[in-house]
Amino acid sequence: DLSFTAEPGKTLALVGSSGGGKTTICHLLPRFYDVTGGGITIDGEDIRHMTLDGLRRQIGIVAQDVFLFDDTIYANIAYGTPGASREAVIEAAKRAQLDDYVRTLPDGYDTQVGERGARLSGGQKQRISIARVFLKNPPILLLDEATSALDNESEILVGQSLDKLAKGRTTLTIAHRLTTIKDYDRILVLGEEGIVEEGTHAQLLEKQGVYYRLWNQLPAEDEE
């Protein structure tokens, strides 16, 4: 019993307690598995009528858990965009605020990152993930708690990169830290019964409901 529309070029955040279906929604859109009732459409076309390649070409994902290969920084950014030029990879890294760090390394973009990026910090791995999406340049962006595992300094840097990445794209974000989505165009608050509240950050605070409690970290039970 969930229904909503993500407007083209706008930012939409999904918030709520664990188990509300936020990650499930982000898994359904690229068809990691299919809906068993209802449907999901992009520009009016059911995604089940699209090829997986055609669908996923339109979507970029930045998740909390970044998978990196035991390869170079260059190869990890270029993964998913076969044939990308070195200039395009470096430009994507610049836009993800990664280039300055890479240029401090003796081997630069040819630096080996280790198994699952073991030689990099969490923030550096996230910025490689963001550079991948800049390089791919998809119209739809899914952010799944992309900064929740980072320290404050890294979160600020990665957040700035994500803001650049989201500009002009249809963006769905699963937010753990509400400060990262307070400027979004629309916020949906999910609960066991579906969407329990929706609006902008200011509108939801004014309601003094579920979102207000989450923002102020108040207990879920009704106040006396």
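The values are calculated or read from the model by the stated rules, or taken from the named source; none is laboratory data. If you're wondering where the values come from, they're calculated on a predicted model, not measured in any experiment. Heads up, the Cβs are rebuilt from the backbone with ideal geometry, glycines too, and the neighbour counts pull from every protein chain shown. Just the protein is used for accessible areas: all its heavy atoms, side chains included, with ligands, DNA and RNA removed. Shrake-Rupley method; radii C 1.70, N 1.55, O 1.52, S 1.80 Å.
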query = Give me the pairs: first residue in segment 75-96 and touching a residue at least 60 places away in the same chain (Cβ under 8 Å), second residue part of a helix (DSSP H, G or I) and hydroxyl-bearing (Ser, Thr, Tyr), beta-carbon distance under 7 Å, and six or more apart or on different chains, which are they?
reply = Ala96/Ser161
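Take residues that are at pLDDT below 95, closer than 18 Å to Ser17 by Cβ and aliphatic (A, V, I, L, M) and tell me which of the strands (runs of 3 or more DSSP E) falling wholly in segment 136-212 contain 1 or more.
Numbers: elements: 140-144, 170-174, 186-191, 194-199.
Counting at least 1 such residues, we get 170-174, 186-191, 194-199.
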note = Among residues of segment 80-97 being in a loop (DSSP other than H, G, I, E, B) and at pLDDT 90 or above, the residue nearest to the chain's Cα centre (by Cα) is Ala84
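The rows are residues; the columns are (1) touching a helix residue (DSSP H, G or I) at 6+ places or on another chain (Cβ under 8 Å); (2) exposed (fewer than 14 other Cβ atoms within 10 Å of the Cβ).
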residue	(1), (2)
Ile25	no, no
Pro30	yes, no
Tyr33	yes, yes
Thr36	no, yes
Thr41	yes, yes
Arg48	no, yes
Thr51	no, yes
Arg56	no, no
Ala63	yes, no
query = If you scan segment 24-46, which residues turn out to be within 20 Å of the chain's Cα centre (by Cα), more than 24 Å from Arg127 (Cβ to Cβ) and not in a loop (DSSP other than H, G, I, E, B)?
reply = Thr24, Ile25, Leu28, Thr41, Ile42
query = Does any residue in segment 106-122 that is within 12 Å of Ile73 (Cβ to Cβ) come within less than 6 Å, Cβ to Cβ, of a residue that is open to solvent by 80 Å² or more (accessible area, probe 1.4 Å) six or more places away or on a different chain, and which pairs are these?
reply = Val113/Arg119
Complete set of residues in segment 82-124 that are within 20 Å of Asn152 (Cα to Cα), open to solvent by 10 Å² or more (accessible area, probe 1.4 Å) and small (Gly, Ala, Ser) = Ser121, Gly122
message = Condition first: among the hydrophobic types (A, V, I, L, M, F, W, C), open to solvent by less than 80 Å² (accessible area, probe 1.4 Å), over 22 Å from Asp163 (Cα atoms) and touching a residue at least 12 places away in the same chain (Cβ under 8 Å). Can you find one or more residues in segment 8-20 that meet it?
response = no
